[in-house]
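Notes for the one structure printed next.
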Amino acid sequence: MGTGGQNSNRAEITLVTGVIGADTHIVGNRILSMALEEAGFKVVALGALTPADEFIKAAIETAADGIMVSSLYGQGELDCRGFRDMCVEAGLQDILLYIGGNLVVGKQDWAEVEARYRDLGFDRAFPNATRTEDVVAVLDEDFAARRQG
Amino acid sequence: MASDSNHIPLSAAQIPADDFARMRSENLARWPTGAEVDLIEAVAFQKSLPVHKQLGWVMRRAAEEGRCLTQPRGGFGTLKLQLELMQALDRDGMADIVPTTTDSYTRNEQWTQAQTGIEESEREGRSMLNGYPMVNYGPIKTRQLIEAIDKPAIVLSGTAMPRLTVEIGFAAGYSGYLGSGIAYTTSYTKDTSIAEGIRNYQYLDRLAALYLEHGVDLHRRQPGFLTGTNVPPCIAIAVGVLDALLAAGQGVRNYGLELAQTLHLIQDAAAIRVCGELAHEYLAAAGYEDMFLPVTSLHWMGAWPQDDAQCQALVAYGGTLAAVGGAVSVTTKSTHEAYGIPTPQANAEGLRTTRMAVYMARHIRLDDLPEFQTEADLLRRETRAIIDRVLEMGDGDAAIGTVKALEAGALDIPWSPNRHVQSRVMPARDVDGYLRIYDPGNLVFADDVAEVHTERLKKRAEEEGVAYDHNLAVSSVYEISEPLDRLLPFPWGE
């Protein structure tokens, strides 16, 4: 946190945040949203218990550049089925998709979990307890690559 | 979900019998397994269970004998996996109370999605649901779980919409049920109104009381952990007492109160003591003098460390805190907590680690220490200020007062996902590790009480060389999950 302003591009980037599905774990997502805002991004925070289609609706309405999905309760795999396809259908082919949290039921090998979410169409998956400053750094990197690419 | 009872104005009064009969038949018609519920037959089944499998009786005995019972959480997506889990917890974990946690689709009454989850779990050979879909299986099949264990069983279902799940659970032979209107609506929902959540739990409590009228002493329990994130004891106790008043209004007499551990030995012991004390005081003042109000202590409910060894310490210390505080039961976690749902083996180990800690701490009490008395006095004043204001706002009616007070922030819950809660209050750990309130929002405390919080938190900021701002609260959310080299490094190396 506290690096706002160093990357002047952040103010032009809109990110949708929320906790997907029937999941109420709001704390980490709220801290992430606060940190993204402090870093200078435009944040559209949907809060807990957000169905997949609400993320997409909000992304269309706000012309968002990225969607940051949180899932802490283990049922993320079921909630995220077809998420990328829904984005494409809604005309959001180029949107960056991120997910973080406890993404499966129980303790499983992270590399496998990450691969599973890449297959679901997410650009990046973050394990539980990722710090907000690391997320901001990754976002800077990804959006810089996008500008050049 | 509550449209059938919305014509009754919200109040703490008992639901009239004819209204309740109609509400029940509408409720049971919402999913095919509802037809399997027959109250008289269910009462007979409950009575056929030996007393040691009836949680109402077991909790009373534990309180009389000064025992601290152990209970984990646990739920998997199929009957087979759930049965194996409950047997492992009963036998390998020596759980005194065996749980069944429902999955999140069930909690949100999305039974069609829960059905898909059962099918996918069977196909994948692993649980794709984070709990047991009790409504989908129904009471007759679910009785296999009760028959597979030799302990009392409790339903754990974090939801504001428990009506059908409780019907199935009690009919299946569960003798305990965790959940309450204020706590779960403020902690597990986004749009649900507080009034609707209260009504749903008035239904649940009325049903429990109906079993009592038929001679079955079920144990109801209030989920005092709320959002599980640094909830100051005064807020947890205030909500617990208000939920207890609502339950008593429906006729419940066996009602447990939970407190999540702050992890401060003195503060937790004082909280357990003051919780029981104030619950009895307020319930008696409302005319309910025959209440049984045991207190349950909960292992750390915030973010856990990734390291198994650090988790072991939290599990063992959690047993110590519960026993030293004189809790009647402790709800356990395991070394897998950071990753979500534990395996049956890890869960059973958490139970045994806790049990050993309870055994070792069973004779120790802190009640005579000056620090304990200071903290208990402070806590009594904080808690009374909140409860008295809520009851005043409702002209003595806990239901009406709660709705108004949450709207105004006169009762407030930190980190709540619910839109009808101000959630402005911000807790943080102070210089001595006590959980204090950095920003009270619209909670009102006496000046000298508020000053203790501010002064102790300023001391922490000063000692750590950081600003006195909201980051004190944010860092307190993460603190316990930090790796040891950040928490307690060897300070004298190169």
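The values are calculated or read from the model by the stated rules, or taken from the named source; none is laboratory data. What you see is a predicted model; the values in this text were computed from it and never measured. Cβ placement follows ideal geometry from the backbone for every residue including glycine, while neighbour counts extend to all protein chains displayed.
See the values below:
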item	result
Single residue of A:VAL88, A:VAL104, A:VAL16 found to be more than 14 Å from chain B (Cβ to nearest Cβ) and in contact (Cβ under 8 Å) with a residue 12 or more places away in the chain	A:VAL16
Residue, nearest to A:GLU133 (Cα to Cα), within the range B:456-476, restricted to residues that are of a type in the set (A, V, I, L, M) and touching a strand residue (DSSP E or B) at 6+ places or on another chain (Cβ under 9 Å)	B:VAL474
Cross-chain or 6+ apart pairs with Cβ under 7 Å, the range B:394-413 first and within 21 Å of B:GLN14 (Cβ to Cβ), then in a loop (DSSP other than H, G, I, E, B) and polar (S, T, N, Q)	B:ASP397/B:SER11; B:ALA399/B:SER11; B:ILE400/B:SER11
Residue match in the range B:181-192 (condition: more than 14 Å from chain A (Cβ to nearest Cβ), buried (at least 24 other Cβ atoms within 10 Å of the Cβ), more than 19 Å from B:THR78 (Cα to Cα) and in contact (Cβ under 8 Å) with a residue 60 or more places away in the chain)	yes
Odd one out for A:ASP94, checked against (1) within 14 Å of chain B (Cβ to nearest Cβ); (2) modelled with pLDDT under 95	(1)
Failed condition for A:LEU36, given (1) part of a helix (DSSP H, G or I); (2) within 11 Å of chain B (Cβ to nearest Cβ); (3) touching a residue at least 24 places away in the same chain (Cβ under 8 Å)	(2)
Residue in the range B:112-120 that is within 22 Å of A:THR24 (Cα to Cα) and assigned to a loop (DSSP other than H, G, I, E, B) present	no
Some residue of the range B:91-104 being over 24 Å from the mean Cα position of the chain (by Cα) and at pLDDT 95 or above	yes
Residue satisfying condition, being within 10 Å of chain B (Cβ to nearest Cβ) and part of a helix (DSSP H, G or I), within set A:GLY47, A:GLY28	A:GLY28
Pick from the range A:88-124, criterion buried (at least 22 other Cβ atoms within 10 Å of the Cβ) and in a loop (DSSP other than H, G, I, E, B), ranking: nearest to the chain's Cα centre (by Cα)	A:PHE122
Positions within the range B:77-118 being touching a strand residue (DSSP E or B) at 6+ places or on another chain (Cβ under 8 Å), among the aliphatic types (A, V, I, L, M) and surrounded by 20 or more Cβ atoms within 10 Å (Cβ to Cβ), in sequence order	B:MET86, B:LEU89, B:ALA95, B:ILE97, B:VAL98
Any hit, the range B:123-132, residues being more than 12 Å from chain A (Cβ to nearest Cβ), in contact (Cβ under 8 Å) with a residue 24 or more places away in the chain and within 26 Å of B:THR189 (Cα to Cα)	yes
Residue match in the range B:211-234 (condition: at pLDDT below 95, of a type in the set (Ser, Thr, Tyr) and part of a helix (DSSP H, G or I))	no
Single residue of the range B:305-337 satisfying the filter (surrounded by 20 or more Cβ atoms within 10 Å (Cβ to Cβ), within 14 Å of another protein chain (Cβ to nearest Cβ) and part of a helix (DSSP H, G or I)) that is modelled with the lowest pLDDT	B:GLU337
